[in-house]
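The values are calculated or read from the model by the stated rules, or taken from the named source; none is laboratory data. Quick caveat: nothing in here was measured; it's all calculated off a predicted structure. Quick reminder, even Gly has a Cβ in these numbers, built from the backbone with ideal geometry, and neighbours come from all protein chains shown. Heads up: the accessible areas ignore ligands, DNA and RNA and are worked out on the full protein's heavy atoms, side chains in. Shrake-Rupley method; radii C 1.70, N 1.55, O 1.52, S 1.80 Å.
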Amino acid sequence: MGGTKIAAGVVTPEGKILDETRYPTPHSSERLVESIARAIEEVSDGFEVGGVCLAVPGLILAQENKVVFSPNLRAIEGIPLIDELGPRIGVPLTIENDANAAAWGEFRFGAASEEDHLVFVTLGTGIGGGVITHGLLLRGAQGAGGELGHVTIQATGPRCACGNRGCLEALASGTAIGRRGREVAIEYPDSALGRLAIKRKVLGEDVTDLARQGDELALSVLDEAGRWLGIGLAGFVNIFNPEVVAVGGGAMAAGELILEAAREEVYLRARPPSRDLVEVKEATLGPESGVLGAAALARDSSSGEYVLGN
Ligand SMILES: [Zn+2]
């Protein structure tokens, strides 16, 4: 589930996507429930489907199976999804935060398929995260854990979408890279970023494109974002002692231009032996991590324990 589209897939136990469908996201609650149900029915047709998991952006109260806060998908807030959808789809329904689902995808089929401890971070418009520890998804007391993007990194830093200042999201997301790109464009009007800013609003993607062409100023913006990211990751490495930190999401189009700086900061700031064990790398499943992880969660939640917490 996303703010603009609903993507549904049928996935085998081995993580192969057999069929997919996409619907635009309606912005009224009734039409949203209808579209989710239709996407599930359409994609299930002709397959023996044993369960469904909805991967939803926002804060989910696991005990109530309800999305309580979803800034990009307001229409889904408060809907009793299991009551509304369960009878219609006729198979067990699980609801999970989208970044947690993507983390589970990378754990089962991607960057950490051989490991038991993974910290997954997704850099997009915002920053999402998921933590797998001892092979279980960490949800916390209410199911709200793993919000890695809203850890404070710089006490007086830029305002975050969540209202706090200096969150990791406000310093290292695609949005933050775009904001920093616009700032340096003003500072250096004769630079490529400066010239672009005269024509239109500079976005995170523009910074990445220019950096890939070797533009020094754009490279410095990505390096800076990577350092903030690394400061955040160093904390996660100290707390969770993971074998793998996987970074995915749209802003990972910048790949090593961000990750190299992040890795350096992790090495400088995290403690041994955790910092010597951990491998900080790009997530491997790309945009499919969400649908693969959601499917695996649907399967794993019906066959046994998969979560730490409720
Ligand atoms: Zn925040």
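For this structure, a couple of remarks:
- For Lys201, the aspartates and glutamates whose Cα falls under 17 Å of its own Cα, not counting residues fewer than eight places away in the same chain, are Glu183, Glu187, Asp190, Asp209.
- Solvent-accessible area per residue, Å², over region 230-310 with all protein chains present [probe radius 1.4 Å]: 45
- Mean Cβ count within 10 Å, highest first, over the residues of peptides 190-198, 174-182: 174-182, 190-198
- The label-point distance for Ile239 and Lys281, in a model that sets each label 7 Å from Cα toward Cβ, rounds to 2.4 nm.
- What a 1.4 Å probe finds exposed on region 1-108 is 48% carbon and sulfur by accessible area, rounded to a whole percent.
- Model label points for Glu34 and Arg74, set 7 angstrom from Cα along the Cα-to-Cβ axis, are 2.0 nm apart.
- The peptide list 124-133, 88-97, put in order of mean Cβ contacts within 10 Å with the highest first, becomes 124-133, 88-97.
- Dipole moment magnitude, nearest 20 debye, region 168-310 about Cα centre, only Lys, Arg, Asp, Glu C-beta charged: 340
- Positive minus negative residues near Cys160 (Lys, Arg vs Asp, Glu; Cβ under 12 Å): +1
- Cα-centre dipole for the chain with unit charges at Cβ (Lys and Arg positive, Asp and Glu negative), debye to 20: 960
- Its Cα centre serving as origin, region 83-141 has a Cβ charge dipole (Lys and Arg +1, Asp and Glu -1) of approximately 80 debye.
- Within straight-line reach of Lys5, meaning a Cα separation under 23 Å, sit the following lysines at least 8 residues removed in sequence or on another chain: Lys16, Lys66.
- With a simple spin-label model that places each label point 7 Å from the Cα along the Cα-to-Cβ direction, the separation between Leu61 and Gln213 comes to 5.1 nm.
- Once the 1.4 Å probe is applied to the protein heavy atoms, region 84-170 comes out at 37 Å² accessible per residue.
- Counting only aspartates and glutamates at least 8 places from Lys281 when in the same chain, those with an alpha carbon closer than 12 Å to its own are Glu106, Glu243, Glu256, Glu260.
- Region 154-310 - percent of accessible surface contributed by carbon and sulfur, probe 1.4 Å: 52
- Oblate is the label for region 239-310, because the ratio a/c of its alpha-carbon gyration tensor axes (a ≥ b ≥ c) is 1.5 or higher and a/b is not greater than b/c.
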